[in-house]
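Input: a single structure, listed below in structure tokens.
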Amino acid sequence: MAEESFLADEFLRQLMSVGEVDLLVGIPSYNNAATLGQTLQSVEESLRQNFVRERAAILNVDGGSTDDTRQVFEQSADPRGASHKGLTSLRTIHRISCQYDKSPSQGWALRNIVAAADLLRARACAIISPATANVTSSWVANLVRPAYREGLDFVAPLYVRSRFQGLLARDLLYPMTRAVFGQRIRELYADEWGFSGRLASQCLEKDVWHEEAVRARPQAWMAITAIGGGLKCGQYFLGPKGAAPAGTGPDIVEAIRQTVGNFFWCMETNQAYWLSRSNSQPVSTFGPDHELSSDGIPPSPEKIFELFRSGVNGLEPILASILAPDTHAQIKAIALSDPTKFHFAMELWVKTLYEFAASYHHMVLNRDHLVQALVPLYRGKLYSFLLEHANSSGEEMEAQSEILCQEFERQKPYLVERWTAKS
């Protein structure tokens, strides 16, 4: 049985009253009163439609909401209310709730969910974000079913993306994680995902929950734990994902701190697994493995280049300590180029990221400062991308992304060389 000391007494009493379940759906919340009700309805509809005979529980873990989020969950707790449109189940769908802290943390939320999964002996679980405006009942089933019936241990989502959406994942996170860890999982930093009870128990036993990387972004860590443990990963196409309202997500500095910082930490803690591996393999995929729509407005490029240029100049001594002299010289050279003819070559971009990762490993300076120093360089790559693909079709952009992925894989020996070099 998992360690119970961090679970509140009332939460433990709720879990013990439920007994055991087949399925657990966790809903981490923080000030989501406006959308939680619809999310709950979609979760319950999915469980009643698709898992008629299974024992199921819905768990709300709240990070100290100051609105009516917890009241919404409690007041809508009648599982056979009129809102369920006559749907019936042969088993009760249990509702459980807890408040894990007075401030939101994805890692602390996940820790409570995997502890509950372990104590309830759940066979399959899903995380559903109430901040996603268009969660449907099919999403829940498509994340739970592969873990429950297809033998997968980690199930990532796949979404329809507009041409200019998710560019940090397209230009950095997906190709680099694919090259380093060898599995082609596109959405490692999503708000929704599924996993097996076996993976939940293994993650619960890890002594990493106080690490900033896990507290901020536990999704990729969970997937990489599954990969490193030889467990089976896959992905399921969910369709369009409603865009978050402007201003609600982290800015680019914080997004890179959370995601790239998390990924470099995962590289550090799993180096025994990935150092000897080359190439990448597809994973079990349900539906298309990508879909780009032609809509979407590109980010305004006016300030991006100047932020890149000023960052390269202002961070020159820091970049000199992170990058190889030739790499640094090339970046300084393109920072002086004509903005209308600017080009950040993919070979240089890959080399830059691998040198950042190796410098993180060798701790050439404070790791958080190192990750933040990548921000202006990413802006340079983003500006180059926008110039190159202003009029590209989705198919052309996807073809170029695949070439970038292959370049990351081609240069992986350089990463290993830098990583294993004596500092």
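Helix-only arithmetic for the chain: the sum of -39500 (n - 2.57) across DSSP H runs with n ≥ 4, divided by the residue total, places the mean residue ellipticity at 222 nm at -15500 deg cm²/dmol.
The overall shape of the range 174-327 is oblate: from the C-alpha gyration tensor, with semi-axes ordered a ≥ b ≥ c, the ratio a/c is 1.5 or greater and a/b is no larger than b/c.
Each label was represented as a point 7 Å from its Cα along the Cα-to-Cβ direction; for ARG13 and LYS206 these points are 3.3 nm apart.
Provide the net charge surrounding GLY182, with neighbours chosen by a C-beta distance below 12 Å and charges set as Lys +1, Arg +1, Asp -1, Glu -1.
Here the charged neighbours net out to +3.
One chain, two ends: GLU388 and VAL253. Fully extended at 0.36 nm per residue, the span grows by 46.3 nm beyond their Cα-Cα distance. Peptides 193-204, 397-408 ranked from most to least packed give 193-204, 397-408, packing being the mean of other C-beta atoms within 10 angstrom over each peptide's residues.
Considering every alpha-carbon pair of the range 1-66, the percent of pairs per 10 Å bin, from zero through the bin containing the longest distance, is 17, 44, 33, 6.
Specify the inter-centroid distance of the range 20-43 and the range 351-375, based on alpha-carbon positions, in whole Å. Using only Cα atoms, the two centres lie 37 Å from each other. Available extension along the chain between LEU307 and ASP295 is 1.7 nm, counting 0.36 nm per residue and deducting the alpha carbon span. Once you have a ≥ b ≥ c as the square roots of the Cα gyration tensor eigenvalues for the range 304-420, tell me rounded if a/c is under 1.5, and otherwise prolate or oblate according to whether a/b is larger than b/c. Oblate is the answer for the range 304-420, as a/c is 1.5 or above yet b/c matches or exceeds a/b.
Here the relative contact order of the range 246-387, from alpha carbon pairs under 8 Å that lie six or more residues apart, stands at 39 percent. For mean projected area of the Cα convex hull in nm², the candidate list reads (i) 21.8; (ii) 29.8; (iii) 20.2; the entry that matches the value derived from this model is (iii).
For the range 130-203, the square roots a ≥ b ≥ c of the C-alpha gyration tensor eigenvalues yield an a/c of 1.5 or more together with a/b not exceeding b/c, which makes the shape oblate. Electrostatic bookkeeping for ARG217 treats Lys and Arg as +1 and Asp and Glu as -1; over the other residues with beta carbon under 12 Å from its beta carbon, the sum is -2.
A protection proxy built from the mean count of other Cβ atoms within 10 Å ranks the segments 261-267, 94-100, most packed first, as 261-267, 94-100. Electrostatic tally near THR39: other residues with Cβ closer than 12 Å to its Cβ, Lys and Arg +1, Asp and Glu -1, net -4. Once the C-beta distance of SER284 and ARG53 is scaled by a Förster radius of 22 Å, the resulting FRET efficiency is 0.35 to the nearest 0.05. Each of the peptides 125-132, 252-259 was scored by the mean count of other Cβ atoms within 10 Å over its residues; in descending order, highest first, they stand as 125-132, 252-259.
Taking label points 7 Å from Cα along the Cα-to-Cβ direction, ASP101 and PHE6 give a separation of 0.9 nm.
Simple spin-label estimate for SER321 and ASN134 gives 4.6 nm between the two label positions (7 Å along the Cα-to-Cβ direction from each Cα). Most fluctuating residue of GLU396, GLU268, GLU316 in a GNM of the chain with Cα springs under 10 Å: which is it? Maximum among the listed residues: GLU396.
State the antiparallel share, in %, of DSSP beta bridges confined to the chain, rounding to the nearest 5. Of the beta bridges lying entirely in the chain, close to 15 percent run antiparallel.
Every read-out reported here was derived from the displayed coordinates using simple, explicitly stated rules and does not represent laboratory data. Only a predicted model underlies this, so the values are computations on that prediction, with no experimental measurement involved. Glycine gets a Cβ as well: all are built from the backbone with ideal geometry, and neighbour counts include every protein chain shown.
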